[in-house]
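The values are calculated or read from the model by the stated rules, or taken from the named source; none is laboratory data. Here the structure is a predicted model, which means the values were calculated and not measured. All Cβ positions, even for glycine, are placed from backbone atoms using ideal geometry, and neighbour counts span all protein chains on display. In case anyone asks, the SASA skips ligands and DNA or RNA and just uses the protein heavy atoms, side chains included. Shrake-Rupley method; radii C 1.70, N 1.55, O 1.52, S 1.80 Å.
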Amino acid sequence: MLVELNKTLFHSRVKRIYDAWNESKNNEDYSSIADTDALLLLAGDPAAEDEPMRKGTCFQQWLLGYEFPSTFLLFQRDKLSILCSASKAKILSQIGGSGGVVPVEILAQAKAKEPANDALPNFFELYASKRRVGTLTKEDHTGKLTTEWNKLVSEREEKPETVDMSPAVSGFMAVKDEDELKTIQGAANLTSTLLKHHVIPRLETILDKESKISHDMLAAQIEARLGSGEGDNQKGPDMKVWSKGKNLSNIDWQLVEFCYSPIIISRSSKTGYDLKYTTESTEDNIAHKGVLLVAFGMRYKSYCANVGRTFIVDPTPEQEAQYNLLLSLQQELLSFVKDGVSVKDLYQHALSFIKEKNPDLEKHFVKTAGFGTGIEFRDSAYLLSPKNNRVLRENMVLNLGLGFSDLKDKDGAKYALHLVDTIKVGSEKSMTLTEACKSTKDFLFFLTPESDEEMEEKPKRKPPVQPKANGSPAKKTAGNKVLRNNRRAAQDEVHQTAAARLSEHQRELHERLQSEGLAKHSEEGGGTGGKEGKGWKKFQSYKGEGALPSDVERLRIFVDRKALTVILPIHGFAVPFHINTIKNASKNDEGEFTYLRINFQTPGQLAGKKEDTPFEDPDATFVRSISYRSTDGHRFDTIYKQITELKKEVNKREAQKKEMADVIEQGSLIEVKGRRPHKMAEAYIRPAPDGKRLPGEVELHQNGVRYQSPMGQKVDILFSNVKHLFFQPCDHELLVILHMHLKQPIMIGKKKTIDVQFFREATDVQFDETGNRKRKHRYGDEDEIEMEQQERRRRQILNKEIKAFAEKVSEAASASNGESLELDIPFRELSFEGVPFRTAVRLQPTTDCLVHLTDPPFLVVTLADIEIASLERVQYSLRQFDLILIFKDFTKAPLHINSIQSSAMDDVKNWLDSVDIPMAEGPVNLNWGPIMKHINESPYEFFQGGGWTFLRGTTGGAESDVSNDSGSESEFEAESEDFEESASDNESEVSDANGSDESGSDFGDGSQSDSGDDWDELERKAAKSDAKRAEAKKARGSDDDLSDDAGPKKKSAKGKAPAKTNGKPKANGVKGKGR
């Protein structure tokens, strides 16, 4: 049976209905059905999607768990009768019979092709026999069954009196049971997660960047977090947002929807500040100043939760006070609202609180402070108004909507404030279910620059000798000279302060990384060693003996290329072996015989990457190899070649299949209609299609871009597959580039690619210089200057043109995807050179990535995907270091960027720290293959054992610890002797490549030892040496007077930095030499 009804829940809710019906004369909530003989619930065809849910539909879902269109229910004092179609009768038969408070009678109508039966007349007679019947009088229904019913009612002269039972139905559903509260809490968690992790950050970005986006577009982007598109273009829920929420791991996303389209209101909305939930977001662009209102509700398993917040940009003190009053009022009402409090008392208490705190705001308070909610989003019977006498009970759920309307700012413009949350009524007090982001720091934005008075006061408060955080320190002067010692001390203080700040921030990042790692992998348990998807795969050569080729009858070795099988004769039987079971074959000649040996794949035999190849039963008995001997050497040569070629062909085919596994087939490009598409002319594409290299055009369409070459080749890229969009200007480059990094690879011609690039060449060929005759006869300085200026102007024009096109692509992609695709531009001033592949390239950070876009192979690393960065080969004696980026996906191999100049180390560290990437450094290279294999075996155990602390801490760790423990800290380090040899070889290669000859002697590079100490250290050592010499002179007496004649010469020679042996200065070397 496809639909399973909850029989226990149905009978308990039927009991609640009959209990309330029997007590209706003593309970005002159910007084509307006090004198009724029956309760009739009609349901016609389903309502349109844009219509709100009817109370009858809500009542039906609350009772049965599902909506049953064209189904009538008649509650009588002695039984419950249900009229429905034959198909629905099969489902409803689960609750039929006499197992509950009253028996359930099901009257099934005849099927469509069968003649009509008496189900409808019998049901109508039951209804007509009553004197007074409660029904939902305000609801109108359509459909075939409803039409027939209305006809029977109109033709009947004597019919029962009908009364409106809506208040009673609201009472039935008002108090929620445990299952209902759990479901509503799920809806509240969804609502809070969307508010905290998408709506607020998105609005902050819009306000900060002053992005031009309409109210309805932002509302559509919020709705798109639940998925968008249809058919092949359908996208599921945005798990980047939902994964951050709590208790959402078991959510059935098919049962999640919005209660209404999100409402976005700002001062530019043409409808004004309307606090009704029927308001729609307008097409006007969002204003970046003033008050913004956001409201949306989510429905899970038909139950609703709602939230509303106010954002204020540059609030006045009055607006801050008004918003804080709303926060205080909500806390006051949460304490006041409890079991037994009437609705009108709730509203009057709110008014009294406002009157006490700010009497002027009493007239601006909303007319209703919310409503009851549940399956029905807005239950009118429980409007929180001053005229409602209903009493609130424990476990009722309310939408508490507080606000002030028709307020005016200092310019006379109207605005409104609101604070909306879903709350649950308790026995002593109430609690909010949508507890997320309501403090002033989350919703009050101060974007106005400092006032002149504040700017004037700042220098007075500034300490007189405080060094700048990033810049030259404050100077002490004597006359017009800078005192070197003070300047050096101040510089050291700045550097130490910056280093301490970086160390502290890195410590926080490592602690957060450790806690997040434990939380992330605690539920996942043990790892899989990166073998997801690996399993024993059976290979079938033939379906039966009849499929064997006829050549097997000769009982000779036969290679069947069609079946990818080698058939071997074994003890008079032809035994087929699939080529994938064969490891290799070998052949050798001994005398007159030729031996052919065939080796098979067996457990424990392989090494390297295939060591963990799975087998169905590794403990079974395996044939490792089979050997054959023959005098026909020519035939064995042929068989050996056939097996080897077939094995190579199959391996190549599997490698190609594995490489193409993640390639996607894009959907269809929707072309722009009614106008010509925006174009980027004279553009080249990389990777280039097959054929002659000619410039083409890039066209901007509705859901993607299309590149068309003069040869008729087309390359379509859909916005839904674009992960990052980059624009690199032609400053300091020969190309101006528009680069797209894709989510999934695509095929361009016969090439698989995840990066597609369109570029223009910034050379003279790209510009028309027809008629410029000056170049034929003028080559003076003036002409060269003019040519340079023209070249500069051309580059500026080219940058402006391509950037404008790139921004249009970004806007179109954002509109098509329903989420923002920002245009990223590399920061050249932060760039550094390294070797990510085989050659040294310039790597440039962007807002979200680290990229190299100038030459293929391209490099695009998303910063959000990086777990930690490891700086290796960090030693004083080395001119270069390596940067290894470890990804959050541990199955992905770390990225090695080698041979970065040590002079760029501080810049690299500061950049990594600024983008919140934890880092560590060490003196040697680590073997990351075994490390990642160890981590993947059990990530949780890895983090339990300290996680990344094996990298010996962060950049703030003591250097002495690193040097002392470098030999014993990690089993993954390379051998130190090998490392020293490779380091020295590396240095010699670098120096040879640069053509430098700095040593000048056979005793090594003297310049390095000279630079070991600074001036202060040298002066201190010299003074210490002079003092020792003076003491020695006094001890020797006047016998040494003759040696003083040579003193000035010795001292002048000592003015140079002393030579070092093993890092120690020869303090007495000159004196010994003189004697």
- So residue 310 fits all but one of (1) assigned to a loop (DSSP other than H, G, I, E, B); (2) under 24 Å from residue 207 (Cα atoms); what number is the exception? (1)
- Query: Is there a residue being touching a helix residue (DSSP H, G or I) at 6+ places or on another chain (Cβ under 8 Å) and either part of a helix (DSSP H, G or I) or under 18 Å from residue 306 (Cβ atoms) (or both) anywhere in the range 178-187?
  - Reply: yes
- Task: Test each condition in (1) touching a strand residue (DSSP E or B) at 6+ places or on another chain (Cβ under 9 Å); (2) free of Cβ contacts under 8 Å to residues at least 40 places away in the same chain; (3) over 30 Å from residue 705 (Cα atoms) for residue 839 and report the one that comes out false.
- Result: (1)
- Query: Can you tell me which residues in the range 280-312 are buried (at least 20 other Cβ atoms within 10 Å of the Cβ), more than 30 Å from residue 65 (Cα to Cα) and of a type in the set (A, V, I, L, M)?
  - Reply: 286, 291, 292, 293, 294, 312
- Task: Tell me which residues, restricted to the range 406-449, are at pLDDT below 85 and either surrounded by 11 or more Cβ atoms within 10 Å (Cβ to Cβ) or of a type in the set (Ser, Thr, Tyr) (or both).
- Result: 435, 436, 437, 438, 439, 440, 442, 443, 444, 445, 447, 448
- Message: Just checking, does the range 264-282 include any residue being hydrophobic (A, V, I, L, M, F, W, C) and at pLDDT 90 or above?
- Response: yes
- Query: Would you say residue 208 is open to solvent by less than 60 Å² (accessible area, probe 1.4 Å) and among the charged types (D, E, K, R)?
  - Reply: no
- Does the range 876-888 include one or more residues that are aliphatic (A, V, I, L, M), open to solvent by 20 Å² or more (accessible area, probe 1.4 Å), out of contact with any Phe, Trp or Tyr (no Cβ under 6 Å at 6 or more places or on another chain) and outside any strand (DSSP E or B)? no
- Query: Do any residues in the range 613-637 that are under 22 Å from residue 591 (Cα atoms) have Cβ atoms under 7 Å from those of residues that are acidic (Asp, Glu) and surrounded by 10 or more Cβ atoms within 10 Å (Cβ to Cβ), where the two are at least six apart or on different chains, and which pairs are they?
  - Reply: 633/589
- Within the range 658-671, considering residues that are of a type in the set (A, V, I, L, M, F, W, C) and modelled with pLDDT of 85 or more, the one least open to solvent (accessible area, probe 1.4 Å): 669
- Message: Looking for something closer than 23 Å to residue 187 by Cβ, among the aliphatic types (A, V, I, L, M) and without any contact (Cβ under 8 Å) to a residue 40 or more places away in the chain - is there at least one such residue anywhere in the range 364-379?
- Response: yes
- Of all residues in the range 527-556, count the ones that are on the phi < 0 side of the Ramachandran plot, surrounded by 12 or more Cβ atoms within 10 Å (Cβ to Cβ) and modelled with pLDDT under 75. 4
- Message: Go through the range 910-930 and report how many residues are closer than 22 Å to residue 864 by Cβ, more than 24 Å from the chain's Cα centre (by Cα) and crowded, with 20+ Cβ neighbours inside 10 Å.
- Response: 1
- Return the pairs, sorted by first residue and then second, in which the second residue is assigned to a helix (DSSP H, G or I) and of a type in the set (D, E, K, R), the first residue lies in the range 325-348 and is over 18 Å from residue 395 (Cβ atoms), the beta carbons are less than 7 Å apart, and the residues are 6+ apart or on different chains. 325/357
- Message: For the structure I just gave you, tell me whether residue 607 is modelled with pLDDT of 80 or more and of a type in the set (A, V, I, L, M).
- Response: no
- Message: Suppose the filter is crowded, with 20+ Cβ neighbours inside 10 Å and either modelled with pLDDT of 90 or more or closer than 30 Å to residue 11 by Cβ (or both); does residue 191 pass it?
- Response: yes
- Task: Kindly indicate the residue of the range 840-865 that is assigned to a strand (DSSP E or B) and touching a helix residue (DSSP H, G or I) at 6+ places or on another chain (Cβ under 9 Å) and also surrounded by the fewest Cβ atoms within 10 Å (Cβ to Cβ) among those meeting that condition.
- Result: 842
- Within the range 102-128, considering residues that are out of contact with any Leu (no Cβ under 9 Å at 6 or more places or on another chain) and touching a residue at least 12 places away in the same chain (Cβ under 8 Å), the one surrounded by the most Cβ atoms within 10 Å (Cβ to Cβ): 110
